[in-house]
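Chemist: Please find one structure pasted underneath; my questions will follow.
Bear in mind that the values in this text are calculations on the coordinates, not laboratory data. Keep in mind it's a predicted model, so treat the numbers as computed, not measured. Positions of Cβ are generated from backbone atoms using ideal geometry, with glycine treated the same way; all protein chains shown enter the neighbour counts.
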Amino acid sequence: MRQKKWFLLAVSILIGLALGGCAWLFQPLQAKLTATPTSGPAPLSVTFSAAGSTGPITSFTLDFGDGTDPYSGTDITVNIVHTYTAPGTYTAKLTVQSAQGAVATDSKTITVLPGTTASLGVVPTSGPAPLDVIFTVQAQAAAGRKIVYLKLDYGDGNIDEMSADAPSLSLEIPHEYAEPGTYHPTLTVKDNADYTVTATVTVEVTTPAPTANLTASPTSGTKPLLVTFTGSATAGTGAKLTKWELSFGDGSYTGQEDLELETLTITETHTYTQTGSYTATFRVWDNLGQVGEKTVEIEVQEAP
């Protein structure tokens, strides 16, 4: 009888040892998520860890809460680094799963504060060369930071740079675009955390219309009045004069086409046979279809 009791006791001890050795099999499934840091200015880099999770975990998923693709894996000891780029409040959610399909979850709230920002404005945004513009620069450092560097690349080969040591900047910077073209000036701002932001605008510099000038001698007298007209014109930068016309104001005119000139000078004479007031008009066209114009007034009187 005593042997039977000893046998039962030995069996009980062995069962206890076996169960104790496999106690991890009976640990409850528990998700544990940590995040460092949980708040800060954008862009905010956060390190997540699921290493504190327990139980027979076979896989896990971490949803960052900002619309980006979740992270999935099987090794809960791996640190996961994620960067939140936009200000806002996000809920990161960890889901762990066992082979039997059981799940457990844990979450952390991540608060992303506004980061360093920059904006660039320009007035006017378009016009003929040479075009004088004013750039408006605005920069605001994230909380606890300072603006330390600013660069304005005008897009035409000219660049201005400056150092700073301020939480914010507000500047007006003049610039002249000498040549026609489409420019994309870009502002670059850096804070003391070495975070860089940029802003850009577009400036459209057009070819100016041709300029025209007209003189007349004499501008008044008795009929018949012989008048000598002298006209001159200059094409805008990069353009060519293709046509000119001189209208005498009395229904008569003269001109020339199929030109390819940067500058032009003409001399024409005309006789006014009737009394009256006439407007002589000198027009020039360039290869872009733009027109320059100048007028002069002629007074023709009766002979005494």
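Chemist: Residue by residue through the range 101-107, what is 3J(HN,Hα) from phi via Karplus (6.51 cos²θ - 1.76 cosθ + 1.60, θ = phi - 60°)? Round to whole Hz and write x for glycine and proline.
Modeler: x, 5, 10, 9, 9, 8, 9
Chemist: Tell me the mean residue ellipticity at 222 nm calculated for the chain from its helices only (DSSP H runs of n ≥ 4, each -39500 (n - 2.57), averaged over every residue, nearest 500).
Modeler: Only helices count here, giving -2500 deg cm²/dmol.
Chemist: Taking a virtual spin label 7 Å from the Cα of THR196 along the C-beta vector, which residues in the range 142-156 bring their backbone nitrogen under 11 Å of it?
Modeler: 151
Chemist: How big is the equivalent ellipsoid of the chain along its three axes, where each semi-axis is √(5λ) from the Cα gyration tensor, reported in whole Å from largest to smallest?
Modeler: In descending order the semi-axes read 89, 20, 13 Å.
Chemist: Note down the magnitude of the dipole of the range 117-206 about its Cα centre, charges +1 on Lys and Arg C-beta and -1 on Asp and Glu C-beta and zero elsewhere, to the nearest 20 debye.
Modeler: Computed charge dipole of the range 117-206: roughly 400 debye.
Chemist: Once both labels are modelled 7 Å past Cα along the beta-carbon direction, what's the VAL78-ILE134 spacing in nm?
Modeler: About 5.6 nm, to one decimal.
Chemist: Once the other residues with Cβ under 13 Å from the Cβ of LYS146 are scored (Lys, Arg +1; Asp, Glu -1), what is the net sum? Working shown, then result.
Modeler: Numbers: positive: ARG145, LYS190; negative: ASP165, ASP191, ASP194.
Residues close to LYS146 contribute a combined charge of -1.
Chemist: In addition: If we restrict to alpha carbons, what Rg and Dmax does the range 211-301 come to, in Å?
Modeler: Values for the range 211-301 (Cα only, Rg and Dmax): 13.7, 44 Å.
Chemist: What would the Debye formula give as log10 I(q)/I(0) at q = 0.24 Å⁻¹ for the alpha-carbon point model of the range 89-179, no solvent?
Modeler: Relative scattering, expressed as log10 I(q)/I(0), comes to -1.17.
Chemist: How would you order 62-74, 255-267, 148-160 from highest to lowest mean count of nearby Cβ atoms within 10 Å?
Modeler: The densest-packed peptide leads the list: 148-160, 62-74, 255-267.
Chemist: Does anyone have the angle between helix 2-21 and the longest principal axis of the chain? Alpha-carbon axes, 0 to 90°, nearest 10?
Modeler: For 2-21 against the chain, the angle is about 10 degrees.
Chemist: For the range 211-301, what is the charge dipole size about the Cα centre, in debye to the nearest 20, if Lys and Arg each add +1 at the Cβ and Asp and Glu each add -1 at the Cβ? Mind showing how you got there, number by number?
Modeler: Working: 5 positive and 11 negative charges, 34 e Å.
Dipole magnitude for the range 211-301 comes out near 160 debye.
Chemist: Amide H neighbours of TYR149 under 5 Å, counting only residues 5+ apart in sequence or on other chains, H built in-plane at 1.01 Å?
Modeler: Amide H to amide H, under 5 Å and 5 or more residues apart or across chains, TYR149 pairs with ALA164, LYS190.
Chemist: What is the gain in length, in nm to one decimal, between ALA86 and GLU176 on full extension, counting 0.36 nm per residue of separation less the C-alpha to C-alpha distance?
Modeler: 28.8 nm
Chemist: Taking every DSSP beta bridge with both residues inside the chain, roughly what % is antiparallel (nearest 5)?
Modeler: 90
Chemist: Search the structure for amide H atoms under 5 Å from the amide H of THR116, placed 1.01 Å from N in the peptide plane, and list their residues when 5 or more places away or on another chain.
Modeler: Placed amide hydrogens put ALA142 under 5 Å from THR116.
Chemist: OK, next. Taking 0.36 nm per intervening residue step and subtracting the Cα-Cα distance, what contour gain separates SER168 from THR228 on full extension? Please report the intermediate quantities before stating the final value.
Modeler: Values: separation 60, 0.36 × 60 = 21.60 nm, distance 6.44 nm.
Answer, rounded to one decimal: 15.2 nm.
Chemist: Would you check the chain for Lys pairs whose C-alpha atoms are within less than 20 Å, ignoring same-chain pairs closer than 8 in sequence, and give me the count?
Modeler: 7
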